[in-house]
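Novice: Handing you this structure, nothing more for now.
The values are calculated or read from the model by the stated rules, or taken from the named source; none is laboratory data. Treat the numbers as computed from the prediction; the structure is a model and nothing was measured. A quick note on method: Cβ atoms are made from the backbone with ideal geometry, for glycine too, and the neighbour counts reach across all protein chains shown. Keep in mind that these areas ignore ligands, DNA and RNA; they rest on the heavy atoms of the full protein, side chains included. Shrake-Rupley method; radii C 1.70, N 1.55, O 1.52, S 1.80 Å.
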Amino acid sequence: MPPSPQRAHPLRTPCPVVQKSRVLRGLYFGSSSMEAVQADVVTIFPPVENALSKRFPLFESILGTMYPIHECCVRVDRDHRSHYDFLVAFQERPDLPPNKALAHIVPHASICGEIIVMRSGVRCLVLDMGGHMLSESAATAVRKFVLKYVAHHAQHR
């Protein structure tokens, strides 16, 4: 669920010095798609990665800058001993029709917005997302996010 703007603390912090950028793959739930598609997310890499200087995915290059982008981390259990972490970037867009790609994974949800999800690592904020199994886990992360988002908005109406 997106935090209120007064309490929001971004998970992404701009790199103080840009060393290089690379394209990492994420899963994009676009408003014009019937299902999620892999998308190339330009990501800025600092010269040295640490707690204060992390990779910076440019979600704005896909979602645009017209509306705020809300971010949250979602954990998906793989089995009883391991899990995947994902960074979910959500942009609510009242000017768009309900997102069919999101309705595909959460049928009762009618959300006007778009989502990009990327795999998150232990030492890195975002990692490249490859493979079918990760896409399924990423869709599970988005499903968890959407269910909390819908519940939050139903409670505050």
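Novice: In 5 Å bins starting at zero, report the fraction of Cα pairs in the chain per bin as a rounded %.
Specialist: Per 5 Å bin, starting at zero, the Cα-Cα P(r) for the chain comes out as 2, 9, 18, 23, 21, 15, 8, 4, 1, 0 percent.
Novice: Where does helix 132-155 land angle-wise versus the long Cα axis of the chain, in degrees 0 to 90, nearest 10?
Specialist: Once rounded, the angle reads 60 degrees.
Novice: What's the lysine pair count for the chain at a Cα cut-off below 27 Å, pairs eight or more apart or interchain? Before the final figure, lay out the partial values.
Specialist: Values: Lys20/Lys54; Lys54/Lys144; Lys100/Lys144; Lys100/Lys148.
Number of lysine pairs found: 4.
Novice: Using the Cα centre of the chain as the reference point, and only Cβ charges (+1 on K/R, -1 on D/E), how large is the resulting charge dipole? Debye, rounded to the nearest 20. Kindly include the intermediate steps, with their values, before the conclusion.
Specialist: Values: 18 positive and 13 negative charges, 72 e Å.
In total the dipole reaches around 340 debye.
Novice: Could you grab the relative contact order for the chain? Cα pairs under 8 Å, six or more apart, rounded to a whole percent.
Specialist: Values: 312 pairs, mean separation 39.4, N = 157.
Value for the chain: 25 percent.
Novice: Rounded to the nearest 0.05, what FRET efficiency do Ile105 and Glu49 give with R0 = 25 Å and r taken as the Cβ-Cβ distance? Could you check? Working shown, then result.
Specialist: Values: r = 32 Å, r/R0 = 1.27.
That gives a FRET efficiency of 0.20.
Novice: With a 1.4 Å probe and all protein chains kept in place, how much accessible area does His153 have, in Å² rounded to the nearest 10?
Specialist: 60 Å²
Novice: Still on this structure, please answer the following. Below 10 angstrom from the Cβ of Phe59, what's the summed charge of the other residues (Lys, Arg +1; Asp, Glu -1)? Kindly include the intermediate steps, with their values, before the conclusion.
Specialist: Numbers: positive: Arg12; negative: Glu60, Glu71, Glu114.
Net local charge, Phe59 excluded: -2.
Novice: Here is a follow-up. Relative to the present Cα-Cα distance, how much length would full extension add between His132 and Met66 at 0.36 nm per residue of separation?
Specialist: Values: separation 66, 0.36 × 66 = 23.76 nm, distance 3.18 nm.
Here the answer is 20.6 nm.
Novice: Using 7 Å Cα-to-Cβ label points, what is the Glu35/Val122 separation (nm, one decimal)?
Specialist: 3.3 nm
Novice: Can you give the direction-averaged projected area of the convex hull of the alpha-carbon atoms in segment 72-142, in nm²?
Specialist: Numbers: hull surface 21.6 nm².
If I average the Cα hull's projected area over directions, I get 5.4 nm².
Novice: Taking GluC sites (Glu not before Pro) that fall in a DSSP loop and have at most 15 other Cβ atoms within 10 Å as cut points, what is the longest piece of the chain between them? Mind showing how you got there, number by number?
Specialist: Numbers: sites that count: Glu35, Glu49.
Counting only loop sites that pass the neighbour cut-off, the longest clear stretch is 50-157.
Novice: Right, here's the next one. Please go through segment 50-157 and write out the chymotrypsin sites (Phe, Trp or Tyr not before Pro) that DSSP classes as loop and that have at most 11 other C-beta atoms within 10 Å. Walk me through the numbers before you get to the answer.
Specialist: Numbers: sites: Phe59, Tyr84, Phe86, Phe90, Phe145, Tyr149; in loops: Phe59.
Answer in residue order: no site qualifies.
Novice: Per DSSP H run of n ≥ 4, the term is -39500 (n - 2.57); total these for the chain, divide by its residue number, and report the mean residue ellipticity at 222 nm rounded to 500 deg cm²/dmol.
Specialist: It lands at -6500 deg cm²/dmol.
Novice: Taking only Cα atoms and a 10 Å spring cutoff, compute GNM fluctuations for the chain and point out the largest among Val48, Val23, Val126.
Specialist: Val48
Novice: Continuing with the same structure: Compute, for Ile116, the solvent-accessible surface of its heavy atoms (probe 1.4 Å) with the complete set of protein chains present, and express it in square angstrom to the nearest 10.
Specialist: For Ile116, solvent-accessible area is about 0 Å².
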